[in-house]
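Each remark here refers to the structure printed beneath this line.
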Amino acid sequence: MSLHLYDTTTRAIREFVPVEAGRASIYLCGATVQAPPHIGHIRSGVNFDVLRRWMTRSGYDVTFCRNVTDIDDKIIRVAAAEGVPWFVVAERNQRAFTWAYDTLGCLPPTVEPRATGHVPEMVTLMQRLIERGHAYASGGDVYFNVQSYAPEYGKLSNQKLENMRAAGDTDDESCKRDPRDFALWKGEKPGEPTWPTPWGPGRPGWHLECSAMATKYLGSTFDIHGGGLDLIFPHHENEIAQSQAAGDGFARYWMHNGMLKIGAEKMSKSLGNSLLIPDLLGRVRAVELRYYLAAPHYRSSIEYSEEALLEAAAAYQRIEGFVTRAAEVIHDVDADAPLPQAFVDALDDDLGTPQALAVVHEVVREGNVALSRGDKEAVARLLAETQNMLDVLGLDPRSPQWRTAGSDLTGVVDALVKVALEQRQAARARKDYAAADAIRDGLTEAGITVEDTPHGARWELTR
């Protein structure tokens, strides 16, 4: 089976056929940086990181573009409320997003363009639209004429133009020919940043930014455009309209990840129910949070609960425990070992991570049995399969990402525990079992679990 992906436009799972054989281009709507990220934002980053890793493992040369919207109505409002320049808000929160993506193991994008760095491309796109009769300048603004793109407008979101409400994206709608027309460019206002254009100074509209950046780095026609379900309308619908009206093929596949909810409500800043990444990392490790976000199917919704988060952490720890114990027996893992076919089939079927992780857990169960039997040949094979599957998912506990995470004191703790374990072993050798038990009890009180194995004592932090 080849890679098949669900395409929002056709509402069907389609075989992935790239624009250029052997290459894949992905554009992901990244952060609008008016506030620090919550796990709803970072879920998108993790989901599309898994897609990118799987496509790379499948032999594609992947170009991954994830943008930063660093000028926007919301950013300007936050800056005004704080009494600081807009770029202070944008820069502060972009750094928070970058830290969160990195901390949860998302590979750096091939390119990460900022909207404010691509105004010339936006001006060119608007000029093309005006010349083709799809846009018009009015009162210092520039608007997209949705009637000019009918009946195509609305196909992504499965809406009819006659049933759509006004765009509501400007303070004064009187300059529009049709209230459903959306702003490509917003004219100069006091206290707002501006850039020069042939139609007057102002700043870009949200939708225009992504079309200009996507086509600059991925070409006029590219493979996949991704983002959250909440972006289908109006953002992605408007991207398609303005891009195709200008003559670009734009994205051939549209992928959307499900929302993360608390109770019955979508997680959002406006609802005040955000769970920020640093808060969660006080409860679970970064790799466990990544597991929690990657385990459900990317198109499904997640209803957040503390219990579900801790269950995910425990599930990952079971995998990690096998890898740690097996690595004490097998020192050289075959990085080229084939992946189990069931794992491959799961990811080829619209990135089925729940089924893929089920395969991982089954292999881990077999591995634990092989460890108990002392079957080193089977352990070596199953460890290689496990680590190679986890590498695809960005969850390999032996990768540098997770081995070095929070490791400032790891070396010191390891050295101190080894001294204690040596003293414990010496006490046992002289049959001073009371002293040996006291050392073990002291380590337990300090939050360190000691396990006696045929290869000696091993330790880990109690979770």
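The values are calculated or read from the model by the stated rules, or taken from the named source; none is laboratory data. Quantities reported herein were computed from a predicted structural model and do not represent experimental measurements. With ideal geometry, Cβ positions are generated from the backbone for all residues, glycine too; neighbour counts draw on all protein chains shown. What goes into the accessible areas is simple: the full protein's heavy atoms, side chains included, and nothing from ligands, DNA or RNA. Shrake-Rupley method; radii C 1.70, N 1.55, O 1.52, S 1.80 Å.
A few points about this structure:
- Per-selection Kirkwood Rh - segment 1-91 (Cα, Å, 1 d.p.): 15.6
- For segment 236-372: rounded, prolate or oblate by the Cα gyration tensor [a/c cutoff 1.5]: oblate
- Here the dipole of the chain is about 200 debye; that uses its Cα centre as origin and unit charges on the Cβ of Lys and Arg (positive) and Asp and Glu (negative).
- The heavy atoms of Phe250 offer some 0 square angstrom of accessible surface to a 1.4 angstrom probe.
- Solvent exposure of the chain as accessible area per residue, Å², 1.4 Å probe: 45
- Taking all pairs of distinct alpha-carbon atoms in segment 141-294, Kirkwood radius in angstrom: 18.0
- Peptide ranges 171-184, 47-60 listed from the most packed, as the mean C-beta count within 10 angstrom indicates: 47-60, 171-184
- Dipole of the chain, positive direction: furthest Cα of Ala167, Val284, His118, with charges on the beta-carbon: Val284
- Estimated from helical segments only, the mean residue ellipticity of the chain at 222 nm is -14000 deg cm²/dmol, where each DSSP H run of four or more residues counts as -39500 (n - 2.57).
- According to the Kirkwood relation over distinct C-alpha pairs, the hydrodynamic radius of the chain is 24.7 Å.
- Carbon plus sulfur fraction of accessible area for the chain, probe 1.4 Å, in percent: 51
- Among the helices of the chain, those built from whole DSSP H runs whose Cα atoms reach 20 Å or more along their own axis and whose mean Kyte-Doolittle hydropathy is at least -0.5 are 39-57, 86-103, 306-329, 353-373, 376-393, 410-429.
- Taking every lysine pair in the chain that is 8 or more places apart or spans two chains, those with Cα atoms closer than 28 Å amount to 24.
- Segment 26-66 shape via C-alpha gyration tensor axes, a/c threshold 1.5: oblate
- Mean Cβ count within 10 Å, highest first, over the residues of peptides 147-156, 394-403: 394-403, 147-156
- Phe87 accessible area, 1.4 Å probe, all protein chains in place, Å² to nearest 10: 110
- Principal axis dimensions, largest first and in whole angstrom, of segment 93-171 by Cα: 45, 31, 27
- Accessible surface ranking that places the most exposed of Met1, Met122, Met259 first, with a 1.4 angstrom probe: Met1, Met259, Met122
- Taking the charge dipole of the chain about its Cα centre, with +1 at Lys and Arg Cβ atoms and -1 at Asp and Glu Cβ atoms, the residue from Leu107, Ala24, Gln317 reaching farthest to the positive side is Gln317.
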